[in-house]
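The values are calculated or read from the model by the stated rules, or taken from the named source; none is laboratory data. Computed from a predicted structure; not experimentally measured. Ideal geometry is used to build each Cβ from the backbone, glycine not excepted, and the neighbour counts take in all protein chains shown.
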Amino acid sequence: MYGLVNQAIQGLVTENFGKDRWDLVRQKANVKQESFLNNEMYEDDITYRLAGAASEVLGLSLTDVLISFGKYWILKTAQERYGTLMQSGGDHFTEFILNLPNFHSRVMLLYSDIKPPEFFVEKKSETAIDLHYYSTRPGLTDFMLGLVLGLGELYRTPITVNITADRRNGAPHDVFEILIHNP
């Protein structure tokens, strides 16, 4: 993954728990780098180890860490680094989700080596959407859940998200049922 991902984990931990906790997370994960370069590729294992260590050091479940990281990515990292790109995704939550299958094609213009996930969106009604999430990277279902919840917060749209198919339980891909309240 690109260094920007690890920078975001560092930001999440440092801003919410302090630099001392980040140093403990890095040590627990056996990560020597004190900083990460935005556009440099790092082994995926580093990111997984940092997330696992954050869970242990902070006394949170890995699920909670990954959901928090997804929200942080949308509300902080994406806004600071990709504000214009995020704005081009849509004027409201539903529009952004419906445009999600095309979103990473724009991201690929910025990061040529990225291995983005793929999405298929089924709009079941004005208040219900099924988001199909296909990724070559295992273990990121809860991160994706956090991203969707973060988008709901960003667009001030109250939503409920249910995972109706989960790779961790043998499904071929993840499916998120998004219920939009007061559209």
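A few remarks follow.
- Among residues of segment 96-140 being buried (at least 21 other Cβ atoms within 10 Å of the Cβ) and among the β-branched types (V, I, T), the one that is modelled with the highest pLDDT is I129.
- In the condition set (1) more than 18 Å from S135 (Cβ to Cβ); (2) surrounded by fewer than 15 Cβ atoms within 10 Å (Cβ to Cβ), D45 is compliant with all but (1).
- Taken over segment 50-90, the residue count meeting the criterion of being surrounded by fewer than 18 Cβ atoms within 10 Å (Cβ to Cβ) and not aliphatic (A, V, I, L, M) is 16.
- Lone qualifier among G11, G83 - being under 20 Å from L145 (Cβ atoms) and either among the small types (G, A, S) or assigned to a loop (DSSP other than H, G, I, E, B) (or both): G11
- Filtering segment 1-31 to residues that are surrounded by fewer than 16 Cβ atoms within 10 Å (Cβ to Cβ) and among the small types (G, A, S) leaves only G18.
- Of the residues making up segment 35-47, those that are out of contact with any strand residue (DSSP E or B) (no Cβ under 9 Å at 6 or more places or on another chain) and closer than 15 Å to L12 by Cα are S35, T47.
- Residue count for segment 44-76, restricted to those that are outside any helix (DSSP H, G or I) and within 25 Å of I97 (Cβ to Cβ): 0
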